[in-house]
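J.: Sharing a structure below in structure tokens format, with a few things to ask.
Any read-out appearing in this document is the output of simple, stated calculations on the displayed coordinates, not a laboratory observation. Please read all numbers here as calculations on a predicted model, not as lab measurements. A quick note on method: Cβ atoms are made from the backbone with ideal geometry, for glycine too, and the neighbour counts reach across all protein chains shown.
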Amino acid sequence: MFENLLYLQIVANTVSSKTNMLRVLPQITDTMQEQENINIDVLFDEVINPFVTINTDASKRQKDFIVEMEQLYCDLSSKNLSEYGNVVNDIFSLKTAEEVSYISALRDIMASLPDFAKMLDDDRNANTADGHNFNVFKLLEICHVKIDETNQSRILKFLLEPNEMHEQGNLFLKLFLKRLGISVSDDFNKERWKVDREDGQVDLLLTRESPLAVVVIENKSNWAVDRPNQLYRYWHYAIYSRTRETDGGFYERENVRFRVVYLAPNDGKMPSAQTKERPPYFPKKLPLTLPMKVDVRTFDGFIYQWLEDCKQALPPTNHALREFLRQYQMKCKTL
């Protein structure tokens, strides 16, 4: 008897609804009566009625819940319909305006294509005649000679060094210092400036013994990450070691003689905070941060303009050096 009731419960649990249960119930009861004279009343009391009651209650709760949700939805919709409409209209307006803007821009581009094609043809023809698009730095890169940070510093040192083969003496150095705002005398030829590269890891170091002047240049032409406490260490090595000054006011007053220059490719790179902080192993008596303002300059701005100064100052017949400076200007615009 117990096994037959368990069998019936299992079958009942597989039926998904009251309707299905009532549909298959006669077949189940007939089969069980044939197999064994089971008491049908007990069957209904112990199995069928509880099942039907449970499913009936659940169905009623489900219907009540659906009715509640439908009412809530209707209330919210009627209350906020106008607000929803306004939001949808705003979004549609923005999308429409954006599409109109894109279409207008695309039409402008399409309209300018013939002019652009003519400009390219004209430039090619002009380049055939004067070679203005030729650049030795592009050629070097084709030959796998990278104009990296080290080579950039070498080029700058070559131009700043009075005794190099450009044979312009200290002309380029004087123009560089003047554009930087460093004080130089009218009789610049008597000033004894020294140009060093990689002195104490400083990319470029310009020094004058009398009157004392120091310019530290950190070259970031390759977008290198600032090394730990880098500018602070360079200030300590090249400037503090000569002045023994830690007062920010001193360096503010004497900024025509002392400078820490951060030479970036363009305005997109700035010195990080940590590069101006005191290294943890330095004496505690030193200031926590660099006591002078970092002078941020760029290749596409400052160096480009300095090269223009140099071109203008060259003798009219020095076409070779002027062309080299022009090509280097082009390089400085694309770092």
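J.: Output wanted: per-residue J couplings in Hz (rounded whole) for the range 197-212, from phi through Karplus 6.51 cos²θ - 1.76 cosθ + 1.60, θ = phi - 60°, x for Gly and Pro.
T.: Running phi through 6.51 cos²θ - 1.76 cosθ + 1.60 with θ = phi - 60° gives 10, 6, 8, x, 6, 6, 4, 9, 10, 10, 9, 9, 6, 8, x, 4 Hz.
J.: On to the next question. Using DSSP to call loops (not H, G, I, E or B), can you name the chymotrypsin sites (Phe, Trp or Tyr not before Pro) in the range 209-249 whose Cβ has at most 16 other Cβ atoms within 10 angstrom? The partial results should precede the final answer.
T.: Numbers: sites: Trp223, Tyr232, Tyr234, Trp235, Tyr237, Tyr240; in loops: Trp223.
Those that pass, being in a loop and sparsely packed, are Trp223.
J.: Which entries of Lys146/Lys174; Lys146/Lys178; Lys157/Lys331; Lys174/Lys269; Lys220/Lys284; Lys293/Lys333 have Cα-Cα distances beyond 24 Å here?
T.: On the way: Lys146/Lys174 29 Å; Lys146/Lys178 30 Å; Lys157/Lys331 16 Å; Lys174/Lys269 27 Å; Lys220/Lys284 29 Å; Lys293/Lys333 26 Å.
From Lys146/Lys174; Lys146/Lys178; Lys157/Lys331; Lys174/Lys269; Lys220/Lys284; Lys293/Lys333, over 24 Å: Lys146/Lys174; Lys146/Lys178; Lys174/Lys269; Lys220/Lys284; Lys293/Lys333.
J.: Here is a further query. Which order do peptides 263-269, 117-123, 174-180, 215-221 fall in by mean Cβ count within 10 Å, highest first? Mind showing how you got there, number by number?
T.: Numbers: 263-269: 16.9, 117-123: 10.4, 174-180: 19.7, 215-221: 23.7.
The packing order, highest mean first, is 215-221, 174-180, 263-269, 117-123.
J.: Something else about it: Once R0 is set to 22 Å, what does the formula 1/(1 + (r/R0)^6) return for the Cβ-Cβ distance between Arg107 and Asn266, expressed as a FRET efficiency to the nearest 0.05?
T.: Details: r = 32 Å, r/R0 = 1.46.
Result of the calculation: an efficiency of 0.10.
J.: Kirkwood Rh, the range 182-335, all Cα pairs: how many Å? If you can, show how the numbers build up before the last one.
T.: Working: mean 1/r = 0.0590 Å⁻¹.
Answer for the range 182-335: a Kirkwood hydrodynamic radius of 16.9 Å.
J.: May I ask you to list the GluC sites (Glu not before Pro) in the range 136-212 that are in a DSSP loop and have at most 12 other Cβ atoms within 10 Å of their Cβ? Before the final figure, lay out the partial values.
T.: Working: sites: Glu141, Glu149, Glu164, Glu167, Glu191, Glu198, Glu209; in loops: Glu164, Glu167, Glu191, Glu209.
Hits after loop and neighbour filter: Glu167, Glu209.
J.: For the range 244-299, what is Rg from Cα atoms divided by 2.2 N^0.38 Å, rounded to two decimals?
T.: Details: Rg = 12.7 Å, N = 56, 2.2 N^0.38 = 10.2 Å.
Ratio of Cα Rg to 2.2 N^0.38 Å: 1.25.
J.: Now, a different point. Can you give the FRET efficiency to the nearest 0.05 for Arg244 and Asn222, using r as the Cβ-Cβ distance and R₀ = 45 Å?
T.: On the way: r = 34 Å, r/R0 = 0.75.
Between Arg244 and Asn222 the formula returns 0.85.
J.: Between Val145 and Lys311, what is 0.36 nm times their sequence separation minus the Cα-Cα distance? Round to one decimal in nm. Kindly include the intermediate steps, with their values, before the conclusion.
T.: Values: separation 166, 0.36 × 166 = 59.76 nm, distance 2.55 nm.
This chain segment gains 57.2 nm when fully extended.
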